[in-house]
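Written out below as C-alpha coordinates is the structure these notes cover.
The values are calculated or read from the model by the stated rules, or taken from the named source; none is laboratory data. Values in this document were obtained by computation on a predicted structure and should not be read as measured data. Neighbour counts run over all protein chains shown; Cβ positions are idealised from the backbone, glycine included. Just the protein is used for accessible areas: all its heavy atoms, side chains included, with ligands, DNA and RNA removed. Shrake-Rupley method; radii C 1.70, N 1.55, O 1.52, S 1.80 Å.
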Amino acid sequence: MFESEKERKTVYRAEQEVDCRASEEMTKRAFWNKYVPGCMEHYLLHLLREGAAFVPELSLVAEVKGKIVGGIWYSKSKVKTACAEHEVLTFGPLCVVPEYQGTGIGGYLLEKSMRLAREAGYPGIIILGEPEYYPKHGFVTCDKFGITTADGKNFDAFMGLELTEGAFAPMRGGKFYEAAVFGTLTEEAAAEYDRDFPQMEKLKLPGQWN
(Lines give C-alpha, C1' and ligand atoms only; values in the text may rest on other atoms or scores of the structure.)
Protein backbone atom coordinates (compact mmCIF):
# COMPACT_ATOMS: atom_id res chain seq x y z
CA MET A 1 0.00 0.00 0.00
CA PHE A 2 1.31 3.47 -0.89
CA GLU A 3 2.02 5.90 1.90
CA SER A 4 -0.25 8.91 1.96
CA GLU A 5 1.21 12.29 0.99
CA LYS A 6 1.12 13.27 4.67
CA GLU A 7 2.93 10.10 5.73
CA ARG A 8 5.69 10.32 3.18
CA LYS A 9 6.08 14.14 3.53
CA THR A 10 7.36 14.71 0.02
CA VAL A 11 9.53 17.80 -0.37
CA TYR A 12 9.62 19.41 -3.83
CA ARG A 13 12.56 21.71 -4.37
CA ALA A 14 15.16 22.97 -6.81
CA GLU A 15 17.99 20.56 -7.46
CA GLN A 16 21.29 21.58 -5.88
CA GLU A 17 24.80 20.74 -7.07
CA VAL A 18 25.21 18.36 -4.15
CA ASP A 19 22.20 16.37 -5.45
CA CYS A 20 23.67 15.55 -8.86
CA ARG A 21 24.97 12.07 -8.12
CA ALA A 22 21.86 11.02 -6.18
CA SER A 23 19.65 12.38 -8.97
CA GLU A 24 21.51 10.37 -11.58
CA GLU A 25 21.36 7.18 -9.51
CA MET A 26 17.62 7.74 -9.06
CA THR A 27 17.20 8.34 -12.79
CA LYS A 28 19.01 5.10 -13.59
CA ARG A 29 16.74 3.14 -11.25
CA ALA A 30 13.64 4.77 -12.73
CA PHE A 31 14.48 3.99 -16.36
CA TRP A 32 16.45 0.75 -16.09
CA ASN A 33 14.93 -1.84 -18.47
CA LYS A 34 11.85 0.37 -18.95
CA TYR A 35 12.06 1.05 -22.68
CA VAL A 36 15.14 -0.97 -23.65
CA PRO A 37 17.48 -3.33 -21.81
CA GLY A 38 19.40 -0.99 -19.48
CA CYS A 39 19.06 2.78 -20.04
CA MET A 40 20.98 5.94 -20.95
CA GLU A 41 18.86 8.58 -19.22
CA HIS A 42 21.25 9.07 -16.28
CA TYR A 43 24.04 9.78 -18.77
CA LEU A 44 21.74 12.18 -20.64
CA LEU A 45 21.10 14.03 -17.39
CA HIS A 46 24.85 14.34 -16.84
CA LEU A 47 25.33 15.79 -20.33
CA LEU A 48 22.37 18.15 -19.97
CA ARG A 49 23.82 19.81 -16.90
CA GLU A 50 27.07 20.51 -18.74
CA GLY A 51 25.36 22.17 -21.70
CA ALA A 52 24.37 25.78 -22.30
CA ALA A 53 20.75 24.78 -22.98
CA PHE A 54 20.16 23.48 -19.44
CA VAL A 55 17.60 25.46 -17.36
CA PRO A 56 18.50 24.78 -13.71
CA GLU A 57 15.91 27.17 -12.26
CA LEU A 58 13.11 24.96 -13.61
CA SER A 59 14.71 21.63 -12.73
CA LEU A 60 13.20 20.13 -9.60
CA VAL A 61 13.58 17.06 -7.42
CA ALA A 62 11.20 15.27 -5.07
CA GLU A 63 12.61 14.12 -1.75
CA VAL A 64 11.13 11.64 0.71
CA LYS A 65 12.78 10.98 4.07
CA GLY A 66 15.99 12.62 2.88
CA LYS A 67 16.24 10.63 -0.36
CA ILE A 68 15.62 11.86 -3.90
CA VAL A 69 12.82 9.77 -5.39
CA GLY A 70 11.90 11.81 -8.47
CA GLY A 71 12.94 14.70 -10.65
CA ILE A 72 12.32 16.77 -13.76
CA TRP A 73 14.94 18.57 -15.83
CA TYR A 74 14.47 21.26 -18.49
CA SER A 75 16.44 22.49 -21.47
CA LYS A 76 15.92 25.17 -24.10
CA SER A 77 14.93 24.16 -27.62
CA LYS A 78 13.99 26.06 -30.77
CA VAL A 79 11.24 26.24 -33.34
CA LYS A 80 12.55 27.63 -36.61
CA THR A 81 10.22 29.19 -39.16
CA ALA A 82 11.12 30.68 -42.53
CA CYS A 83 11.68 34.09 -41.01
CA ALA A 84 12.37 33.63 -37.27
CA GLU A 85 13.74 31.42 -34.53
CA HIS A 86 11.65 30.94 -31.38
CA GLU A 87 12.88 29.66 -28.03
CA VAL A 88 10.75 27.03 -26.29
CA LEU A 89 11.27 24.55 -23.48
CA THR A 90 11.72 20.81 -23.43
CA PHE A 91 11.76 18.63 -20.33
CA GLY A 92 13.27 15.24 -19.87
CA PRO A 93 14.11 13.17 -18.05
CA LEU A 94 10.99 13.23 -15.89
CA CYS A 95 11.05 10.22 -13.62
CA VAL A 96 10.17 8.63 -10.28
CA VAL A 97 11.76 5.55 -8.73
CA PRO A 98 9.66 2.39 -9.16
CA GLU A 99 8.48 2.16 -5.55
CA TYR A 100 6.93 5.65 -5.74
CA GLN A 101 5.50 5.49 -9.25
CA GLY A 102 1.75 5.94 -9.31
CA THR A 103 1.67 8.14 -6.21
CA GLY A 104 1.33 11.48 -8.02
CA ILE A 105 4.91 12.64 -7.52
CA GLY A 106 5.66 12.83 -11.25
CA GLY A 107 2.50 14.76 -11.98
CA TYR A 108 3.20 17.25 -9.21
CA LEU A 109 6.78 17.79 -10.44
CA LEU A 110 5.40 18.49 -13.90
CA GLU A 111 2.66 20.87 -12.77
CA LYS A 112 4.94 22.77 -10.37
CA SER A 113 7.67 23.19 -12.98
CA MET A 114 5.13 24.33 -15.60
CA ARG A 115 3.90 27.02 -13.22
CA LEU A 116 7.48 28.20 -12.73
CA ALA A 117 8.05 28.21 -16.50
CA ARG A 118 4.89 30.26 -17.06
CA GLU A 119 5.93 32.76 -14.37
CA ALA A 120 9.36 33.03 -15.99
CA GLY A 121 7.75 34.05 -19.29
CA TYR A 122 8.50 31.04 -21.46
CA PRO A 123 5.98 30.66 -24.31
CA GLY A 124 5.52 26.90 -24.25
CA ILE A 125 6.87 23.37 -23.96
CA ILE A 126 7.43 20.80 -26.69
CA ILE A 127 8.30 17.19 -25.87
CA LEU A 128 8.64 13.69 -27.20
CA GLY A 129 6.78 11.70 -24.58
CA GLU A 130 4.21 9.05 -23.72
CA PRO A 131 0.95 9.92 -25.52
CA GLU A 132 -1.10 8.05 -22.91
CA TYR A 133 0.18 10.26 -20.07
CA TYR A 134 0.91 13.84 -21.06
CA PRO A 135 -2.51 14.81 -22.47
CA LYS A 136 -3.75 14.49 -18.88
CA HIS A 137 -1.61 17.57 -18.18
CA GLY A 138 -2.79 19.60 -21.16
CA PHE A 139 -0.41 18.47 -23.91
CA VAL A 140 -1.72 17.98 -27.44
CA THR A 141 -0.05 16.73 -30.60
CA CYS A 142 2.03 19.40 -32.35
CA ASP A 143 0.07 19.15 -35.59
CA LYS A 144 -2.53 21.24 -33.74
CA PHE A 145 0.01 24.10 -33.74
CA GLY A 146 1.35 23.51 -37.25
CA ILE A 147 4.76 22.54 -35.86
CA THR A 148 6.71 19.52 -37.08
CA THR A 149 9.90 17.76 -36.12
CA ALA A 150 13.15 18.83 -37.77
CA ASP A 151 12.53 16.28 -40.54
CA GLY A 152 8.97 17.45 -41.12
CA LYS A 153 7.07 14.74 -39.23
CA ASN A 154 4.21 14.57 -36.75
CA PHE A 155 3.19 11.62 -34.57
CA ASP A 156 1.37 10.91 -31.32
CA ALA A 157 4.44 11.22 -29.07
CA PHE A 158 5.36 14.68 -30.45
CA MET A 159 3.38 17.03 -28.21
CA GLY A 160 3.26 20.62 -27.07
CA LEU A 161 1.63 22.89 -24.50
CA GLU A 162 1.23 26.65 -24.69
CA LEU A 163 2.07 28.33 -21.39
CA THR A 164 0.16 31.40 -22.56
CA GLU A 165 -2.77 31.27 -24.97
CA GLY A 166 -1.72 31.66 -28.58
CA ALA A 167 2.00 31.49 -27.80
CA PHE A 168 2.65 28.98 -30.59
CA ALA A 169 0.75 30.95 -33.25
CA PRO A 170 3.88 32.75 -34.54
CA MET A 171 5.60 29.35 -34.82
CA ARG A 172 3.08 27.84 -37.25
CA GLY A 173 4.89 26.21 -40.13
CA GLY A 174 8.03 25.86 -38.02
CA LYS A 175 10.30 22.92 -37.27
CA PHE A 176 11.35 21.83 -33.80
CA TYR A 177 15.00 21.37 -32.81
CA GLU A 178 16.06 19.96 -29.46
CA ALA A 179 19.26 20.98 -27.71
CA ALA A 180 22.29 19.43 -29.41
CA VAL A 181 22.96 17.18 -26.43
CA PHE A 182 20.03 14.93 -27.39
CA GLY A 183 21.81 14.02 -30.59
CA THR A 184 25.15 13.22 -28.96
CA LEU A 185 24.11 10.16 -26.94
CA THR A 186 25.80 6.90 -27.81
CA GLU A 187 25.47 3.50 -26.18
CA GLU A 188 29.24 3.22 -25.90
CA ALA A 189 29.66 6.51 -24.04
CA ALA A 190 26.69 5.75 -21.79
CA ALA A 191 28.11 2.33 -20.93
CA GLU A 192 31.45 3.87 -20.03
CA TYR A 193 29.78 6.48 -17.82
CA ASP A 194 27.68 3.78 -16.16
CA ARG A 195 30.75 1.86 -14.98
CA ASP A 196 30.91 4.09 -11.90
CA PHE A 197 27.29 3.37 -10.91
CA PRO A 198 25.81 0.44 -8.99
CA GLN A 199 25.52 -2.31 -11.57
CA MET A 200 22.10 -3.68 -12.58
CA GLU A 201 21.21 -6.53 -14.91
CA LYS A 202 20.04 -5.66 -18.41
CA LEU A 203 16.87 -7.56 -19.28
CA LYS A 204 14.77 -7.90 -22.40
CA LEU A 205 11.19 -7.48 -21.16
CA PRO A 206 7.73 -7.43 -22.74
CA GLY A 207 6.60 -3.94 -23.69
CA GLN A 208 10.06 -2.57 -24.41
CA TRP A 209 10.71 -0.81 -27.70
CA ASN A 210 11.85 -3.05 -30.51
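Find the eigenvalues of the gyration tensor of the Cα atoms of segment 116-210, then list the square roots of 5 times those eigenvalues as equivalent ellipsoid semi-axes, largest first, in whole angstrom.
Semi-axes from the Cα gyration tensor: 31, 16, 15 Å.
Along each principal axis of its Cα atoms, how long is segment 51-101 end to end? Whole angstroms, biggest number first, please.
Computed over segment 51-101, the largest-to-smallest principal extents equal 50, 19, 14 Å.
As I understand it, the value is the acute angle between the Cα axis of helix 20-31 and the longest principal axis of the Cα atoms of the chain; what does it come to in degrees, rounded to 10?
The answer is roughly 90 degrees.
Can you pull the percent of the chain's accessible area that's carbon plus sulfur, 1.4 Å probe, other chains left in place? Kindly include the intermediate steps, with their values, before the conclusion.
On the way: 5970 of 11160 Å².
Solvent-exposed carbon and sulfur of the chain make up 53 percent of the total.
So what's Rg/Rh here for the chain, counting alpha carbon atoms and using the Kirkwood radius for Rh?
Values: Rg = 17.2 Å, Rh = 17.9 Å.
Rg/Rh for the chain comes to 0.96.
Can you give me the P(r) profile for segment 46-157? Cα pairs, bins 10 angstrom wide beginning at 0, each as a whole percent.
All Cα pairs, binned at 10 Å, distribute as 12, 43, 35, 9, 2, 0 percent.
Under a plain spin-label model, where a point goes 7 Å from the Cα along Cα-to-Cβ, how far apart in nm are Ala14 and Phe155?
3.7 nm
Can you work out ³J(HN,Hα) from phi for every residue in segment 60-73, in order, using Karplus 6.51 cos²θ - 1.76 cosθ + 1.60 and θ = phi - 60°, giving whole Hz and x for Gly and Pro?
Each residue of segment 60-73 in turn: 10, 10, 10, 10, 10, 6, x, 10, 6, 10, x, x, 9, 10 Hz.
Short version: ³J(HN,Hα) in whole Hz for each residue of segment 131-138, in order, from phi by Karplus 6.51 cos²θ - 1.76 cosθ + 1.60 (θ = phi - 60°), x for Gly and Pro, what are they?
Karplus-based 3J(HN,Hα) across segment 131-138 equals x, 7, 9, 5, x, 5, 10, x Hz.
Among Thr186, Thr164, Ala150, which residue has its Cα positioned farthest towards the positive end of the charge dipole of segment 125-198, with +1 placed on the Cβ of Lys and Arg, -1 on the Cβ of Asp and Glu, and the dipole taken about the Cα centre?
Going by the charge dipole, the pick is Thr164.
Lysines within cross-link reach of Lys9: Cα-Cα under 19 Å, excluding same-chain residues under 8 positions apart?
Counting by Cα, and skipping residues close in sequence, Lys9 has these lysines nearby: Lys65, Lys67, Lys112.
With the dipole of segment 41-176 worked out from charges on the C-beta (+1 for Lys and Arg, -1 for Asp and Glu) around the Cα centre, which of His86, Ile125, Thr103 lies farthest toward the positive end?
Selected residue: His86.
I need the P(r) histogram for segment 155-202: all alpha carbon pairs, bin width 10 Å from 0 out to the longest distance, whole percents.
Per 10 Å bin, starting at zero, the Cα-Cα P(r) for segment 155-202 comes out as 16, 31, 23, 20, 10 percent.
Averaged over every viewing direction, what's the projected area of the C-alpha convex hull for segment 27-73? Give it in nm², one decimal, please. Intermediate results must be reported in sequence, preceding the final value.
Numbers: hull surface 15.1 nm².
Mean orientational projected area (segment 27-73, Cα hull): 3.8 nm².
With a ≥ b ≥ c the root eigenvalues of the C-alpha gyration tensor of segment 1-110, is it rounded (a/c under 1.5), prolate (a/b larger than b/c) or oblate?
It is prolate, given that a/c is not under 1.5 and a/b is the larger ratio.
Could you pull out every one of the lysines with an alpha carbon less than 19 Å from that of Lys34, ignoring same-chain neighbours closer than 8 positions?
Within the straight-line cut-off, Lys34 pairs with Lys202, Lys204.
Which value, in Å², gives the accessible area per residue of segment 1-131 when a 1.4 Å probe is used on the protein heavy atoms?
46 Å²
State the three equivalent ellipsoid semi-axes of segment 118-162, derived from the C-alpha gyration tensor as the square roots of 5 times its eigenvalues, in descending order and whole Å.
Over the Cα atoms of segment 118-162, the ellipsoid semi-axes are 17, 14, 8 Å.
So if I place +1 on the C-beta of Lys and Arg and -1 on the C-beta of Asp and Glu, and nothing else carries charge, what would the dipole magnitude of the chain be about its Cα centre? I want it in debye, nearest 20. Walk me through the intermediate numbers first.
Details: 25 positive and 31 negative charges, 69 e Å.
Magnitude of the dipole: close to 340 debye.
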